[in-house]
1. May I ask you to list the residues in segment 225-278 that are of a type in the set (G, A, S) and out of contact with any His (no Cβ under 8 Å at 6 or more places or on another chain)?
2. Could you tell me which numbered condition R34 fails, if it satisfies all but one of (1) surrounded by 11 or more Cβ atoms within 10 Å (Cβ to Cβ); (2) of a type outside the set (A, V, I, L, M, F, W, C); (3) in contact with a Ser or Thr (Cβ under 8 Å, 6 or more places away or on another chain)?
3. Can you name every residue in segment 117-176 that is in contact with a helix residue (DSSP H, G or I) (Cβ under 6 Å, 6 or more places away or on another chain), over 29 Å from L79 (Cβ atoms) and of a type in the set (A, V, I, L, M, F, W, C)?
4. From the list K109, K163, exactly one residue is within 23 Å of A275 (Cβ to Cβ), outside the structural domain of A66 (by TED's automatic domain parsing) and at pLDDT below 90. Which is it?
5. Can you name the residue in segment 134-146 that is under 16 Å from H103 (Cβ atoms) and part of a helix (DSSP H, G or I) and, of all such residues, is modelled with the highest pLDDT?
6. Collect the residues in segment 297-340 that are under 17 Å from L256 (Cα atoms) and among the aliphatic types (A, V, I, L, M), keeping them in residue-number order.
7. Picking from K194, K170, K271, K276, which residue would you name as being in contact with an Asp or Glu (Cβ under 6 Å, 6 or more places away or on another chain) and of a type in the set (D, E, K, R)?
8. Just to be sure, is T267 surrounded by fewer than 17 Cβ atoms within 10 Å (Cβ to Cβ) and in contact with a Ser or Thr (Cβ under 8 Å, 6 or more places away or on another chain)?
Amino acid sequence: MRVFRTSYKDRDGQTKTVARWYIELRDHLRTVRRFPAFTDRAQSEKLGRQIERLINYRVAGEQPDAALSRWLEQIPPKLCEHFGRIGLLDKSRAASGKSLAEHVQGFEKFLLSKGDTPKQARQQASRVRKIFKGCGFVTWSGISASKIQSYLALLREKGMGKKTSNAYLKAVKHFARWMVQDGRATASPVEYLKSLDIGSDDIRRIRRPLDLDEVRRLLERTAISETRLGMTGQERSLLYRLAIETGLRANELRSLRVSSFDFRKGTVTIKGSDAKNRHEATLPLKADTAAELQVLLAGKFPSARAFKVPGKPVDMFKSDLVAAGISYQDDAGRYCDFHSLRHTTGTLLAAVGVHPKTAQDLMRHSKIDLTMNIYTHTKLESRAAAIESLPDLSLPSSQSQRKTGTDNADVTTPNDLALCLALSGGKHRTNTDSCGKTNPIYDSKTGFLNEAEGARTLNLRIDSPTL
């Protein structure tokens, strides 16, 4: 390796020496290369030694170690690209010197190639770009986890919810992991950042399900209403009904073709490319709903869309809610939008006693707590009914009941028996003998009548509550 500075003659014929030092050495192909360095000789020599190390790794056919890799991530992009052009670095490693804007383009293409929809890929890439622009990041080496954390905190102060903040952080971490997996970087600088805990008070749009009477009103009124956004009332009514009975989302309903339905088996199938979780799913249909769908879709080509769902069905759905006398937003601030139909699905499944695991499968959730905590809603009346169905705790214990029997002759005293009867309400009790004669046993006002007979024949019983 040789470190030197060049000289030249100015217009007056005077010899001048350039301020910058240069490095001259032979690369892995034994070709003499010159690299511009710095105005400081020591720094230039240090750069030359790093290039020599890189050449040695290339000659040995090995990848640079962690220290050299970190150095490559911090050098100017032009120098890194130059290493790529002369073959010192492979294309992916040389790409680490590109701007973050170029890397994000590659990330978006990667998302599309692995099966994400164009909308999903654009959204992820857009979130990454917004973070990098807000933090002022230009190159990979400039990324700072603390700056990202501070910028997200600033966005939350301006009104961004915790859930959205977590989504932005997740996108950036996904991008960083892709950089490492694609060989463009050695380690993710943001991997240690953690998502925020989300409480129910942070949810920006709290949805409510429709109750059974509201569902019926909506379907009945919509079926006889006018055409909206290219869909007849009957089509919209059947669309809402299908959404409630299957839990399909708006985009999934929009993707359905005539061929998606198998009326012989009574099922509807969602392709993996159209499902939110990217997994194909076949869902059962109710027999009467399948019959109406078969009539509606009769005569259409298998490739035709089953429903012409508008891009944003909110206005259409709002109009049908108003026509059915249902508020879009209730007094508690909860919304009833199109996605509330999916919440209605989960709530109705719970109301009819469907096992939570079955409900999770039908809703196609990866976690049971999502099904139970987000999409299953309970009303005060149902909670009150559940409490009312508990056993009557005021009735006497089994031990007290045994003391009133004749087996083993452990008979209670009159005071014990009076206590048992008082716990059961202190009502007038009678027993009937073998001759059909009714004998009073205990009265709350007068005390025991026929005490011995009462102790022998009294039979207290705990009746099960009616559900």
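1. S225, G230, G233, S237, A243, G247, S255, S259, S260, G266, S273, A275
2. (3)
3. A121, L152, A171
4. The match here is K163.
5. C135
6. Residues satisfying the conditions are L297, A298, A304, A306, V309.
7. K271 is the lone residue from the list that is in contact with an Asp or Glu (Cβ under 6 Å, 6 or more places away or on another chain) and of a type in the set (D, E, K, R).
8. yes
The values are calculated or read from the model by the stated rules, or taken from the named source; none is laboratory data. A quick note: this is a predicted structure, and the numbers were derived from the prediction, not measured. Note: ideal-geometry Cβ built from the backbone for every residue, glycine included; neighbour counts use all protein chains shown.
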